[in-house]
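This report concerns only the one structure given below.
The values are calculated or read from the model by the stated rules, or taken from the named source; none is laboratory data. Everything numeric here is computed off the predicted structure, so don't read it as measured data. Virtual Cβ from ideal backbone geometry, glycine too; neighbours counted across all protein chains shown. These area figures cover heavy atoms from the full protein model, side chains too; ligands, DNA and RNA do not enter into them. Shrake-Rupley method; radii C 1.70, N 1.55, O 1.52, S 1.80 Å.
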Amino acid sequence: MTRVRIIYGILLSLAISSCMGLNETDPQAYLAPEAGSVDIRGNKVLYITLTSEVDGYDRVEECGFYYGRTEDLTGASRITSSLSSGTFSERILLKDYESDWYVCSFLSNGVDEIRSDLCKVTIGPLEDYVDFASPSVDSYMSSTRTASVSVEFDAVDGVEVTEAGLCYGETKDLSLDGAYVLAGKIGEDYLSASISGLIAGRQYYVRPFIKDGDVIAYAAVSSLNVYAVPEVETLETGKITDCSAHLYGNVLDDCGKEILERGFVWDEGDTNPTLSSESKKVSGTTGEFNTQIDGLEPNMLYSVRAYARNSEGTAYGNVRNFTTAVALPSVAIERVSDITSSSAKVYAKVSDDGGEAVSEFGVLLDTSSDVNPDKAQKIKGSGSASSYSVNIDGLSRKTKYYVQAYVTNSAGTSYSDVEEFETLAELPAVTTASVTDITDVSAVSGGNITDDGGDDITARGVVWGKTQDLTVENDAKSSDGQGTGKYTSSITGIRYETVYYVRAYATNSAGTAYGEALKFTTGALDIN
């Protein structure tokens, strides 16, 4: 970090005059700064942070920096900033390589301005702002006399790589004035290129370079040995599914050395796979070969290369890219719950979207175990595409239903296993028959069951007692068979001249329903 501290001069007479009410058209007196500075932060960077400090800043209306290529700042750029607690700062890009810049800060009271002394900033050559790693040789192909080389580099913020490549030759004196090739691929932090016309067994040298416009940065010179490795090519991939692909390759020439191994390497994304990636061997020596690879991810981009190895080394073919197909999604019903006589709720979970977002999901409802998607009722779900629920209403009581979850993406629709559930019955509908044949110790009543609630009537009769809130659990009752329709019940064991209540009841799997409570009074005691 370079720090230049520049003090604004203030004459004693001005300070004295200021205390006596100096004319405010004088900017130095009006601004009355006691001290000012400029910090230039940055080491081997192109974006420079300028920071300035000033005392007595309460009357500053405008502040900022000038920066230009000449000491008199002719044609300099002017950038304004905001002043906060006596400090203002800006970040600027100085990108003319191997050049000097001059910077100063300024303050203005709206009438005139004052400037700090100049600070000098030197921008070095492009090499100062790029770090190259050692080249990595992906393959040596002597029969085609081609070597594939990749280089990683780290450029500071502000460097724009407009062109890149490799200088090469049989001497270490390498530059763009000699033989070179441009990169076939340039990423944010790497370049790769193929050098052809090489002769096996010779010593070569390579020197990576990048260009920012017309400015060139060279890396250090590295050696490159070309061995008699096989010549191999990667052919077009075929028979691609959501989880597999059929790979094709060709060993064109063993270069006079026995082929020890051949096969394919692959990886996800647009990469240069090697034997450290996924790989599969294929038996044989020269000529075309192929194999199927499985266990791939659906809707995924892959890179693949054929490879072959002899005693001289391993050679890789050209990179081929392919994308697996979208697979059908997978869904399962977790549970069917909240079942009533007319509704239920289905919970489902998508365990695999097939590599693409699910566009529709829900359930199919049918009264047949063989759920037909073309005939069953389709009900769309709510929630996320990975875990959803479906509310089913309007069901018939005491009915067996079959439900199947479904999910859809661009590959099609898939279905879960069929789940079975049965709606509940309702309480029966029953009325109480009039009370007749009342004596001092008995009476006759009964009921009429007009609706069994969707399930068999397992018990019916009447209950009686001295209160209206009669139940089969707490009061006397009769048992008068099963089924719907009218029935007659005898009321016995009661006391003379007493007020009683009676009501009919009917029981099914949903519970016990009651008719209305009727009041009656037993007769006087019959002494006979």
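Here is how the numbers come out for the structure above:
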quantity: Inter-residue pairs, beta-carbon under 9 Å, first among the basic types (K, R) and open to solvent by 80 Å² or more (accessible area, probe 1.4 Å) and in the stretch 482-499, second part of a strand (DSSP E or B) and modelled with pLDDT of 95 or more, 6+ apart; calculated: K486/G446; K486/G447; K486/N448; K486/I449
quantity: Residue match in the stretch 43-56 (condition: in contact (Cβ under 8 Å) with a residue 60 or more places away in the chain, aromatic (F, W, Y) and under 23 Å from V215 (Cα atoms)); calculated: yes
quantity: Matching residues in the stretch 220-263 - criterion: being of a type in the set (S, T, N, Q) and closer than 17 Å to A306 by Cα; calculated: T234, T237, S244, N250
quantity: Top-ranked residue of the stretch 108-134 - restricted to ones that are outside any loop (DSSP other than H, G, I, E, B) and among the charged types (D, E, K, R), ranked as farthest from V149 (Cα to Cα); calculated: E113
quantity: Residue count for the stretch 512-528, restricted to those that are modelled with pLDDT of 95 or more, of a type in the set (G, A, S) and not in a strand (DSSP E or B); calculated: 2
quantity: Residues that are touching a strand residue (DSSP E or B) at 6+ places or on another chain (Cβ under 6 Å) and open to solvent by less than 70 Å² (accessible area, probe 1.4 Å), drawn from the stretch 353-372; calculated: G354, E356, V358, E360, F361, G362, V363, L364, L365, D366, V371
quantity: Hey, L247 in a strand (DSSP E or B) and either more than 30 Å from S175 (Cβ to Cβ) or open to solvent by less than 50 Å² (accessible area, probe 1.4 Å) (or both) or not; calculated: yes
quantity: Scope the stretch 391-428; condition in a strand (DSSP E or B) and either open to solvent by 40 Å² or more (accessible area, probe 1.4 Å) or aromatic (F, W, Y) (or both); matching residues; calculated: N391, K400, Y401, Y402, Y406, T413, Y415, E419, E420, F421, E422
quantity: Considering residues of the stretch 141-188 that are modelled with pLDDT under 90 and under 26 Å from I48 (Cα atoms) only, the residue least open to solvent (accessible area, probe 1.4 Å); calculated: G187
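For every residue, the table says whether it meets (1) among the hydrophobic types (A, V, I, L, M, F, W, C); (2) in a strand (DSSP E or B); (3) closer than 23 Å to T271 by Cα.
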position: E188; (1), (2), (3): no, no, yes
position: I199; (1), (2), (3): yes, no, no
position: R207; (1), (2), (3): no, yes, yes
position: S223; (1), (2), (3): no, yes, no
